[in-house]
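Structure, as structure tokens:
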Amino acid sequence: MRHTLPLRRTLTAVLTTTLLAGGVLLGQTVTAEPAAAAKMTCNIDQLRSDARKERNRAAQLRGLGATTEARKAAARADALERRAQQCHDAENNNRPPLWK
């Protein structure tokens, strides 16, 4: 019977740890704010301005012969343009209908 004592302690410790971790996670999910409810605002003009600056920077780097950096700058500009378009679309889709 002596060899079952360490196993019993180990199993009890693992079970207790699992229950505590599960309780903490459950408590966090209950009190956490849903991601959909978070109000996110973005400045479309600022995003487009930043994208334009990145495009100019990419052109300048391309002229200097730094093609790798130019590709990275162009990719950042594309990402900023996509984000601005997403914000614009979200803003247009969230407006209430005119007939209400």
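So how far apart, in nm, are the two label points at Asn93 and Gln60 if each is 7 Å from Cα heading toward Cβ?
3.6 nm
Taking a spot 7 Å from the Cα of Arg52 along the direction of its beta carbon, which residues of the range 64-87 have an amide N less than 20 Å from it?
From the range 64-87, the list is 73-87.
Every number here is computed from the coordinates shown, using simple stated rules; none is lab data. Values in this document were obtained by computation on a predicted structure and should not be read as measured data. Because the Cβ atoms are built from the backbone with ideal geometry, glycine has one as well, and the counts that use them run over all protein chains shown.
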